[in-house]
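To start, the structure itself, in structure tokens.
The values are calculated or read from the model by the stated rules, or taken from the named source; none is laboratory data. Keep in mind that what you see is a predicted model, and the values were worked out from it rather than measured. Positions of Cβ are backbone-derived with ideal geometry, glycine not excepted, and every protein chain shown enters the neighbour counts. These accessible areas exclude ligands, DNA and RNA; they are computed on the full protein's heavy atoms, side chains included. Shrake-Rupley method; radii C 1.70, N 1.55, O 1.52, S 1.80 Å.
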Amino acid sequence: MPRLQQMRSSIATTVLALLFLSGCQLVRNSTLSPKPEAGTIQVTIKVPEELVARDMQVIYRSTKCTTTYRSMLDWEKRTRDNYAGLHLQPVRRPGTDLYEATLAVNGGGACRWRLSNAIFGVSYRDPSKFGSDVKLGAGGGLIVMFDESASAHGGPNFKASISAEGVASVKQNYYPWLHERFLGGDRKSISLTTDADIFIRFRAPNARAVHFEPIFHPQFLVRSIGPKVKRKGESTVFFYPDGSHSTESRTEPSFKKLEAMRQAAEARL
């Protein structure tokens, strides 16, 4: 989706060195001196069978190494912190559906890099299941902010769940959403829809572990067809698993409707 691509492109692409434990790769770079003894954060993702863990985007911030720029509002010079990030594939724990990565809080180096936020999640393992021309869409993402700064994708906090032991835990329902669009070029995509935006966001400044458990309901597929012409009165039509169809005030399916359909079906069992 163009919206998701724009968000992804906003993330820093500079690759830093960082010591990742639990079977992850050690990358060397003279600008970074990781200090795992100063603290680490364990990330665990419980991945449903039909989904796959996405690459993590890990962002570090430096208050020492800054950038000077001119404001677009008044053209005055301002200073901001520097950010840098890397991509990491979580490692599967043998014999389980758990994927893990351990992040060093202190990135070290001359800039004194500190962990700022991490972006990760799940997506459909095989979109071709819905047709050879179906591509991966949006959804299934999580942004955890470990400091006071905003994430690369901005937006407000969505939820926070931190225990006294510093464990941030998120359990979220997801439904498959197959969408066909025509404006801007024909395209079919399979997304994961829930009651949040593309990303669930929360702040966890004291967390030392993050657990993410997406609960997937593949049997409750919602389909949608976008308008073929751009004119007043034309909108996307959603077809729900109970046979009903409707337009929605937002551009995503109604999570409340999907939840009600699933709960009603489960009550009949």
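Per residue, the stretch 159-258 exposes 53 Å² of accessible surface when a 1.4 Å probe is rolled over the protein heavy atoms with every protein chain present. Each of Thr79, Thr66, Thr102 has its accessible area taken with a 1.4 Å probe; listed largest first, they run Thr79, Thr66, Thr102.
So what's the stretch 211-269 giving for Rg/Rh, alpha carbon basis, Kirkwood Rh from the mean inverse pair distance? My calculation puts Rg/Rh at 1.07. Counting charges near Glu50 (Lys, Arg +1; Asp, Glu -1) among other residues having Cβ under 12 Å from its Cβ returns a value of -1. When you filter the chymotrypsin sites (Phe, Trp or Tyr not before Pro) in the stretch 164-269 for DSSP loop state and at most 15 other Cβ atoms inside 10 Å of their Cβ, you are left with Phe182.
Run the dipole for the stretch 176-269 about the Cα centre, Lys and Arg Cβ at +1, Asp and Glu Cβ at -1, nothing else charged, and hand back the magnitude in debye, nearest 20. That gives the stretch 176-269 a dipole magnitude of about 320 debye. Heavy atoms of the protein chains alone define the surface here; on that basis the stretch 47-113 has 55 Å² accessible area per residue at 1.4 Å probe size. The charge dipole of the stretch 84-243, taken about the Cα centre with unit charges on the Cβ atoms of Lys, Arg (+1) and Asp, Glu (-1), comes to about 400 debye, rounded to the nearest 20. Ordered from highest to lowest accessible area with the whole protein assembly present and a 1.4 Å probe, Asp186, Asp197, Asp147 read as Asp186, Asp197, Asp147. The relative contact order of the stretch 36-97 comes to 36 percent, based on Cα pairs under 8 Å that sit 6 or more residues apart. The largest accessible area among His211, His217, His87 belongs to the first residue in His87, His211, His217, and the rest follow in falling order (1.4 Å probe, all chains).
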